[in-house]
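Asker: What follows is a single structure, and I will ask about it in a moment.
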Amino acid sequence: MSEIPLPESLENFLQAPPSLPPEADMQDLLLKQTSTFLHKPRSRLRWVVCLGVAASIILTMVTAYFAIRSGLVVPRPKKDLADRVVTPPPPKDEPKPQPAPEEPRPSAAAATINPLDLEWTAFDEGNDQKRVSLYFQAGDLYLEKQNDYESALRCYSQALTYCEAHELAFNPNDNWLVMALKRDHRKEK
C-alpha cells in the first residue's frame with residue numbers, strides 16, 4: 001500500500017503535540033458549548049409528589065371505610081315521599097273546609113309508582129293545586145330514586161309555573177333543587 005503524505009503542518013503537529021494545558025477561558029467556553037447537547041437528568045421531585053398524592057388518597061379512603069364501618073359516620077335516612085305532599089293553606093277570605101277523613105297511607109306498591117306516569121297525570125290534571133302536587137311528587141321520585149336531575153328539574157319547573165304566590169315560600173321539607181328554583185323564580189319576578 002502506498003502511504004499518502006500528510007501536509008507539513010499536520011506532520012509537525014503529530015510529531016510534537018502541544019504540552020501546555022489549555023487556558024481556563026477556553027475550557028469554560030468548551031464546557032458551555034458541549035453541555036447544551038447533554039440531556040439534563042429528570043427531577044425525582046415529580047415522582048415524590050405523585051407518590052404523596054396517591055398515599056393521601058389511599059389514606060383518606062381507608063379512614064372513611066373504617067369510620068363508616070365503626071359507626072362514627074352514619075348515612076342520613078331518606079325522607080318518605082308520602083310526607084312530602086304539600087297542602088297549601090286556605091285563602092283568608094274563605095272559611096276553612098271541614099277536615100276530610102284521614103286517607104290511608106300509600107302502600108308499598110304506591111311508593112314504586114313510575115315518575116313518568118305521575119308526570120303525565122299532572123300534565124292531564126285540570127286542577128292546578130293537584131297538578132302542582134303531582135309535579136312535585138314526580139320530581140321527588142326522579143331525584144331521590146333515579147338520580148335523574150334533568151327530569152326532576154323539568155317537573156319542579158312545571159310545578160313552580162302552576163303554583164300560587166304563597167306556595168313560592170320556602171318550606172323546610174323542600175330539597176336543595178326546589179329551594180334553588182324557588183329562589184330563582186322569585187328573582188325573575
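Asker: When the residues of the range 160-174 are narrowed to those that are in a helix (DSSP H, G or I) and either of a type in the set (Gly, Ala, Ser) or within 11 Å of Arg186 (Cα to Cα) (or both), which ends up modelled with the lowest pLDDT?
Answerer: Going through the range 160-174, the residues in a helix (DSSP H, G or I) turn out to be 160-162, 165-168.
Of the ones still in play, those that are also either of a type in the set (Gly, Ala, Ser) or within 11 Å of Arg186 (Cα to Cα) (or both) are 160, 165, 168.
On the way: Leu160: 86, Ala165: 78, Leu168: 81.
That would be Ala165.
Asker: Further question: Given the residues Ser151, Ser157, which is the only one that is surrounded by fewer than 17 Cβ atoms within 10 Å (Cβ to Cβ), in a helix (DSSP H, G or I) and small (Gly, Ala, Ser)?
Answerer: Details: Ser151 fails: surrounded by fewer than 17 Cβ atoms within 10 Å (Cβ to Cβ).
Going through Ser151, Ser157 in turn, the sole match is Ser157.
Asker: Can you run down the residue pairs with Cβ atoms below 6 Å, 6 or more apart or on separate chains, where the first is in the range 144-171 and touching a residue at least 24 places away in the same chain (Cβ under 8 Å) and the partner is surrounded by 17 or more Cβ atoms within 10 Å (Cβ to Cβ) and of a type in the set (Lys, Arg)?
Answerer: Tyr162/Arg131
Asker: While we're on this one: For residues that are of a type in the set (Asp, Glu) and either in a helix (DSSP H, G or I) or surrounded by 10 or more Cβ atoms within 10 Å (Cβ to Cβ) (or both), tally how many sit in the range 15-61.
Answerer: 2
Asker: I'm trying to understand the selection: among the residues of the range 117-131, which are surrounded by 12 or more Cβ atoms within 10 Å (Cβ to Cβ) and over 16 Å from Ala152 (Cβ atoms)?
Answerer: Across the range 117-131, the qualifying residues are Thr121, Glu125, Asp128, Gln129, Lys130, Arg131.
Asker: Are any of the residues in the range 89-108 loosely packed, with under 15 Cβ neighbours inside 10 Å, modelled with pLDDT of 80 or more and either part of a loop (DSSP other than H, G, I, E, B) or in contact with a strand residue (DSSP E or B) (Cβ under 7 Å, 6 or more places away or on another chain) (or both)?
Answerer: So in the range 89-108, the residues loosely packed, with under 15 Cβ neighbours inside 10 Å come out as 89-108.
So of that shortlist, the ones also modelled with pLDDT of 80 or more come out as none.
Within the range 89-108, not a single residue is loosely packed, with under 15 Cβ neighbours inside 10 Å, modelled with pLDDT of 80 or more and either part of a loop (DSSP other than H, G, I, E, B) or in contact with a strand residue (DSSP E or B) (Cβ under 7 Å, 6 or more places away or on another chain) (or both).
The values are calculated or read from the model by the stated rules, or taken from the named source; none is laboratory data. Bear in mind that the values here come from a model prediction, so they are computed numbers and not experimental data. No Cβ is skipped: glycine too gets one built from the backbone with ideal geometry, and neighbour counts run over all protein chains shown.
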